[in-house]
Amino acid sequence: MAQKVENTVKLEIVTPYKKFFEGDVTSVVITTIDGQMGFMAGHPPLIVALSPGMSHLVQNGETKYFTLSEGYCEVTGDGIKIICNAAEYPEDLSPRRTCKSYTEAYEELERAKKIEDRAAREVLVKEFEQAMARARARRHLLELYGSDHQKERIAILVQEYGWKDIV
């Protein structure tokens, strides 16, 4: 009987704080500024900018879900390298911190919109919109792939914080 051979590609995900992941994967799907993109072995070279969002990889037939924040992804003949500000698995996340960070970013965004200096306003608005996007991605990850306890907590806290929108 013939043996099944899977094509894999070396994936490395690095943040300023740690090497989040390194290993051979069958595929990886990330959120870019142009939407979701997937990569497998043999993908042509490419560099894309990341947008905060939910991502996943497939390794040895197992799918692992996580969030990535702002950064970039470089696909080369040697593999896929992702450099980003933060990368988190569901078990790394706190439902309360997720809701609190969204609420704080929303409040700061509303204040930033009132700044008279146009250049300063644009920088701050973008910063707080990105913080909200990171929180949305974390919430979405927790709601779909968190532990039962995390799912229960995020549902309660979303109501407590009055947070209605989602990714």
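Values for this structure:
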quantity	calculated
Residue that is in a helix (DSSP H, G or I) and either among the aliphatic types (A, V, I, L, M) or loosely packed, with under 15 Cβ neighbours inside 10 Å (or both), where the choices are His149, His140	His149
Candidates Gly42, Gly38, filtered to the one that is small (Gly, Ala, Ser) and part of a loop (DSSP other than H, G, I, E, B)	Gly42
Extreme residue, farthest from His140 (Cα to Cα), among residues of the stretch 88-123 that are assigned to a loop (DSSP other than H, G, I, E, B) and among the basic types (Lys, Arg)	Lys114
Neighbours by Cβ (under 8 Å, 6+ apart or cross-chain): first from the stretch 68-85, more than 18 Å from Val25 (Cα to Cα); second of a type in the set (Val, Ile, Thr) and assigned to a loop (DSSP other than H, G, I, E, B)	Cys84/Thr15; Asn85/Thr15
Candidate set: the stretch 23-35, residues that are more than 10 Å from His56 (Cα to Cα) and in a strand (DSSP E or B); chosen: the one nearest to the chain's Cα centre (by Cα)	Thr32
Residues of the stretch 45-69 that turn out to be surrounded by fewer than 16 Cβ atoms within 10 Å (Cβ to Cβ) and part of a loop (DSSP other than H, G, I, E, B), as a count	3
Matching residues in the stretch 73-87 - criterion: being of a type outside the set (Val, Ile, Thr), surrounded by 15 or more Cβ atoms within 10 Å (Cβ to Cβ) and out of contact with any Phe, Trp or Tyr (no Cβ under 6 Å at 6 or more places or on another chain)	Cys73, Glu74, Gly79, Lys81, Cys84, Asn85, Ala86
Qualifying residue in the stretch 94-111 (condition: acidic (Asp, Glu) and either on the phi > 0 side of the Ramachandran plot or touching a Lys or Arg at 6+ places or on another chain (Cβ under 8 Å) (or both))	no
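Per-residue answers, yes or no, for (1) in contact with a strand residue (DSSP E or B) (Cβ under 8 Å, 6 or more places away or on another chain); (2) over 21 Å from Thr15 (Cβ atoms):
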{"position": "Pro44", "(1), (2)": "yes, yes"}
{"position": "Leu57", "(1), (2)": "yes, no"}
{"position": "Phe66", "(1), (2)": "yes, no"}
{"position": "Glu70", "(1), (2)": "yes, no"}
{"position": "Gly79", "(1), (2)": "yes, no"}
{"position": "Arg97", "(1), (2)": "no, no"}
{"position": "Tyr102", "(1), (2)": "no, no"}
{"position": "Ala119", "(1), (2)": "no, yes"}
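Laboratory data are not the source of any read-out in this text; all were calculated from the coordinates shown. This structure is a prediction, so every number in the text was calculated from the model and none was measured. All Cβ positions, even for glycine, are placed from backbone atoms using ideal geometry, and neighbour counts span all protein chains on display.
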